[in-house]
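Here is the structure we will look at, set down as structure tokens.
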């Protein structure tokens, strides 16, 4: 690891020269799990002082690439060389010793320890490797401040929001003063400002000679940040080119291996008629404050705003998860009390929720696709509690066909599917219930473009067939491209409702920060 | 093919054959049909209790109140017979079993409420319930087994025979079939497995998870009670320590049957073999006239080795 | 509440409230203090050397075992063999800890070494044999109990009386030596360890093992260490019990296993791993024993005592349930 003096010297040198120096090279790396090939003889050069984007659909091999580089898995074949010398990355500890640090998408934080303990988890800060709490605290504080985080080093990680935890994860990787910093979807939960700040830091690190591997699904981040792009597809490294050499469409084509037409389906004329869902002054625990909005059949209603302003809680309240909710929910003209998810999904209401955390809330990963698909509708497939095997099989076949879930067998565990296909299973398991109102919480987070387009088309089709859809997402593009109307949350309530031409990025951003918006707005929804 | 060879069921099957071979070489009577039937009869008591515990383990929980659920149900049933005999009441012998089972179901209900509603870890809640039931029994009985005996029905179920086979075996097989059917073919079984794999996701799928958990604990209480009643029928009395030797063998039988102690999956067939294995192991050690300490050591070592074999053969290296 | 108060900026804590999680440590300490006051109030001798030393001594064995159990629990494991290790070391102590000072010293070291070895075997079965801790220690527990019975088929044996007197009476004429011994041993082992990455990794793997692994920690090493520590402290408990009773008894084990789990939970540790403190666990052990003592002095009929102990245990573990019942987000209470 270079000393700070080294770094300063490097920073002073011409970056063009430096960036010709290769830091890590992979050659012939292959890795397969069971029968599935995740990486197939991949060659990749990562130069110093470079921000190198890795692009690809889910299942393209990006996460396995990261796991190989960080020592989480060992490749079946191939070699890793660091600065020209062969290097065996046997475990995360050896990777760290070689100066490789990673911001993991699924976060590598330990929930019951403090922020400072997490940032310096595998390293003592004092003499002889002992832990010097005071020094650790100070160093953590400095790092967090640099990232613009208001989290205190003594906070327990469990109490943090997702975006706060993501910043801590970034701080943790930076604390290792890596020579290769890998960021895997590191900005998925961050706000615009935080992302900007992070980018400044990454650019500074590049000027100091650090290699950065940046994995993202957001093309505009690649545009603003990266200097080199590598595209992966089906476990193979397809091509590497300087950023800007290809148009975004061309890059997407490379990722998919085919061209995509329109990613968002066309919006129909505004839905008229009686609202299916009419929420009035919904409040809960100080986190939701008098939320009111209506959704009509055939409509996709977007819920946006900065992370943690009551959006998720509103969806949970509408699904009967929260207790002591006040205000009125009218469903199909009748005032209803939604006491539990069981009641919400029942025939009387027909509400479905695609929850935020696919892995722990949406699915049972070790169970089969068939069992996952049928769990929420199972009570309708039984007589006297006994499951009708034939009806179950037909339903599963039908759902897998309808959503094009790619798997060898309905008896395969859901954990064997790619992220996109897993999310399709979550959607399918609720479609099985023929819901009239579908609540979705970030359904396309961490999902590849191809599957995203499929999900958008599906949602629009469901709306056209008469369902009402409420979609919470942190992705502005989605709010603008897919939704008919959008309510922007601020401080637990819907501050602005945007529709038509007023539904644009500038207005969403301004409303998210409680600033005045341009154009016609409709606050409140009535 | 290798998958079948390496399944827990196969391994435990091989171990059972090995034990039979050892037993046969030690004592010529070991492979005698009547001796083996008697082993199956004793297995039934353990097997009935283990069926209830299996459901709890599939949920990802554990029931440590097994010993005193068994004992208190048996004490209640035999006391009813005793009190009835003293009062010359003809109904009491009929009431003995329902009352004993009701005691078990009630304990199961309290277990379920603590785990599902109060959300106290099952390990500690059922441990406390076990202590309370023990305390109650001692307080009420004054520390002595109350006068009484098993009802004719209990005796018949425990030691009687029909068509040459022990009645207890029918009871065990019958409940096993019901349990296997419930676990694999019904909504409740699917819900149990789902909860064991992740209660949040099950709850968000609209499963009434708390109700299911309570139901499973009630079933476990009923099974423990039935085991206690059978045991009391076998011994024709209830006694303070009758349930104690059952707690650990129940867990051993379940995990040897290939069910993960972490929950989320469970095999009734595997468990049946596990129960037979544990019973035969105990009996072969007594046939070999092994002193008790050595018996314990071998018992522990064999369980450990079996599980090591599972770890070696059945789980993929992650 | 005004909407703008719920900004994404962090809500600051009121200055006097405890940080989240601190009640886990504070609660057992406060309850223990209250119970201690009750005990002194009803004890015929009040606050006196003659009442304090027995009070201190009676919980030391359980405290040692509970601390051992805690290290396994914090890694999200459970040691069902810990009582058996206690029984084995107690039985060994009654054979080995007597004679010349050198023989006694060798005996003590041998007993502690056997405890560590038992723990290492448990750890190996869990780490290398990939058996769930509950099940692995269930099996090894049977083995250790058998060994204890072979060493000491019936209660008895011989333990050095001079050393026993020294450890079970008072220092400076008033302070129970056993308490000093307990804290000295626990802190000599845990204090330096808690300041190393290895010590911290015990908590880390219990809290989230895959995250700990991805961060470069070694879960195998940490888990092995936890089991060895459990064996060591169980052996300390077995030794102290021998000093207390001047004999060995191979059948004391199982109740210690169960009570150690109770003490760990009452002491604020979570069976889900990653949470808890050594001090809390020691308080948990003393809490359990103090309740028993109080019951003896309140004149509760002996037949009602087990019932009362059970009810107190239930009440103690239900305290955390209040939070669950009042929680407004049902998802929060589900695992």
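The values are calculated or read from the model by the stated rules, or taken from the named source; none is laboratory data. Here the structure is a predicted model, which means the values were calculated and not measured. Cβ coordinates were reconstructed from backbone atoms using ideal geometry, including for glycine residues, and neighbour counts include every protein chain displayed.
The criterion of at least 3 residues that are more than 14 Å from chain C (Cβ to nearest Cβ) and surrounded by fewer than 20 Cβ atoms within 10 Å (Cβ to Cβ) is met by the following helices (runs of 4 or more DSSP H) wholly inside the range A:146-239: A:192-207, A:219-225.
Of the helices (runs of 4 or more DSSP H) contained entirely in the range C:130-242, those carrying at least 3 residues that are crowded, with 21+ Cβ neighbours inside 10 Å and within 14 Å of chain B (Cβ to nearest Cβ) fall at C:133-151. Residues in the range A:96-125 that are out of contact with any strand residue (DSSP E or B) (no Cβ under 7 Å at 6 or more places or on another chain), over 24 Å from residue A:179 (Cβ atoms) and either more than 8 Å from chain C (Cβ to nearest Cβ) or not in a loop (DSSP other than H, G, I, E, B) (or both): A:115, A:117.
In a loop (DSSP other than H, G, I, E, B) and modelled with pLDDT under 90, is that true of residue C:271? It is true that residue C:271 is in a loop (DSSP other than H, G, I, E, B) and modelled with pLDDT under 90. Given the criteria free of Cβ contacts under 8 Å to residues at least 24 places away in the same chain, surrounded by fewer than 23 Cβ atoms within 10 Å (Cβ to Cβ) and more than 19 Å from residue B:247 (Cα to Cα), does residue B:113 qualify? In short, no.
Yes/no per residue for (1) modelled with pLDDT of 95 or more; (2) under 19 Å from residue C:143 (Cα atoms); (3) surrounded by 24 or more Cβ atoms within 10 Å (Cβ to Cβ); (4) touching a strand residue (DSSP E or B) at 6+ places or on another chain (Cβ under 8 Å):
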{"site": "C:63", "(1), (2), (3), (4)": "yes, no, yes, no"}
{"site": "C:71", "(1), (2), (3), (4)": "yes, no, yes, no"}
{"site": "C:77", "(1), (2), (3), (4)": "no, no, yes, no"}
{"site": "C:80", "(1), (2), (3), (4)": "no, yes, yes, no"}
{"site": "C:85", "(1), (2), (3), (4)": "yes, yes, yes, no"}
{"site": "C:88", "(1), (2), (3), (4)": "yes, yes, yes, no"}
{"site": "C:93", "(1), (2), (3), (4)": "no, yes, yes, yes"}
{"site": "C:98", "(1), (2), (3), (4)": "no, no, no, no"}
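The residues of the range A:485-502 that are assigned to a loop (DSSP other than H, G, I, E, B) and crowded, with 22+ Cβ neighbours inside 10 Å amount to a single one, A:492. Residues in the range C:317-328: is at least one within 9 Å of another protein chain (Cβ to nearest Cβ), farther than 21 Å from residue C:56 by Cα and in contact with a strand residue (DSSP E or B) (Cβ under 7 Å, 6 or more places away or on another chain)? Yes, some residue in the range C:317-328 is within 9 Å of another protein chain (Cβ to nearest Cβ), farther than 21 Å from residue C:56 by Cα and in contact with a strand residue (DSSP E or B) (Cβ under 7 Å, 6 or more places away or on another chain).
Give the residue, chosen from B:140, B:107, B:129, B:62, that is farther than 19 Å from residue C:309 by Cα and within 13 Å of chain C (Cβ to nearest Cβ). Result: B:62 is the single residue among B:140, B:107, B:129, B:62 that is farther than 19 Å from residue C:309 by Cα and within 13 Å of chain C (Cβ to nearest Cβ). Pull up the range B:266-296, narrow it to residues that are away from chain C (no Cβ under 14 Å) and without any contact (Cβ under 8 Å) to a residue 12 or more places away in the chain, then point me to the one that is nearest to residue B:173 (Cα to Cα). So the residue we want is B:286. In the range A:276-307, the residue that is farthest from residue A:161 (Cα to Cα) out of those that are assigned to a loop (DSSP other than H, G, I, E, B) and either touching a helix residue (DSSP H, G or I) at 6+ places or on another chain (Cβ under 7 Å) or without any contact (Cβ under 8 Å) to a residue 24 or more places away in the chain (or both) is A:298.
Of all residues in the range A:54-95, those satisfying the criterion of being over 21 Å from residue C:214 (Cβ atoms), modelled with pLDDT of 85 or more and either in a helix (DSSP H, G or I) or out of contact with any helix residue (DSSP H, G or I) (no Cβ under 8 Å at 6 or more places or on another chain) (or both) are A:77, A:78, A:79, A:81, A:83, A:85, A:86.
Among residues that are out of contact with any strand residue (DSSP E or B) (no Cβ under 9 Å at 6 or more places or on another chain), on the phi < 0 side of the Ramachandran plot, surrounded by fewer than 18 Cβ atoms within 10 Å (Cβ to Cβ) and more than 9 Å from chain B (Cβ to nearest Cβ), residue A:358 is not included. With respect to residue B:180, determine if the residue is away from chain C (no Cβ under 14 Å), outside any loop (DSSP other than H, G, I, E, B) and in contact with a strand residue (DSSP E or B) (Cβ under 9 Å, 6 or more places away or on another chain). No: the conditions fail for residue B:180. Listed conditions (1) more than 14 Å from every other protein chain (Cβ to nearest Cβ); (2) in contact with a helix residue (DSSP H, G or I) (Cβ under 6 Å, 6 or more places away or on another chain) are all met by residue A:484, apart from (2).
Among residues of the range B:225-265 being farther than 29 Å from residue B:150 by Cβ and not in a loop (DSSP other than H, G, I, E, B), the one that is nearest to the other protein chains (Cβ to nearest Cβ) is B:255.
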